[in-house]
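Taking it in order: structure first as structure tokens, then the write-up.
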Amino acid sequence: MPKAAKDWEDQVKGLLKAELKRRNVSYAQLVEKLADIGVMDSEPNVRNKLSRGKFTAVFLIQCLEAIGASSLRLSE
């Protein structure tokens, strides 16, 4: 049975949150790191994007770049 859109959103949200946790990066620190690479966003906005799980692939890559992730494991 194919995954529903919500399942995909949950998977992506989980991937990004896991990378943040693995690197011990808070939302406030993520906002600072994003600003360092020229991406201006507020902490509440970032927190909402991550809680909803609805954000663009561009935002995902920006976050991964900002926290220094050079690879992403899609499954365990």
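Solvent-accessible surface of protein heavy atoms, probed at 1.4 angstrom with all chains present, puts V25, V58 in the order V58, V25, largest first. Sequence-distant contacts, meaning Cα pairs under 8 Å at least 6 residues apart, place the relative contact order of the chain at 40 percent.
Counting only aspartates and glutamates at least 8 places from K13 when in the same chain, those with an alpha carbon closer than 20 Å to its own are E32, D41, E43, E65, E76. From the helices alone, meaning DSSP H stretches of at least four residues, give me the mean residue ellipticity at 222 nm for the chain, per-run term -39500 (n - 2.57), in deg cm²/dmol to the nearest 500. That calculation yields -19500 deg cm²/dmol at 222 nm. Expressed per residue, the C-alpha convex hull volume of the chain stands at 87 Å³. A cut-off under 14 angstrom between Cβ atoms defines the neighbours of W8, and their net charge, with Lys, Arg +1 and Asp, Glu -1, is +2.
The values are calculated or read from the model by the stated rules, or taken from the named source; none is laboratory data. Computed from a predicted structure; not experimentally measured. Cβ atoms come from the backbone with ideal geometry, glycine included; neighbour counts cover every protein chain shown. Heavy atoms of the whole protein, side chains included, go into the accessibility calculation; ligands, DNA and RNA do not. Shrake-Rupley method; radii C 1.70, N 1.55, O 1.52, S 1.80 Å.
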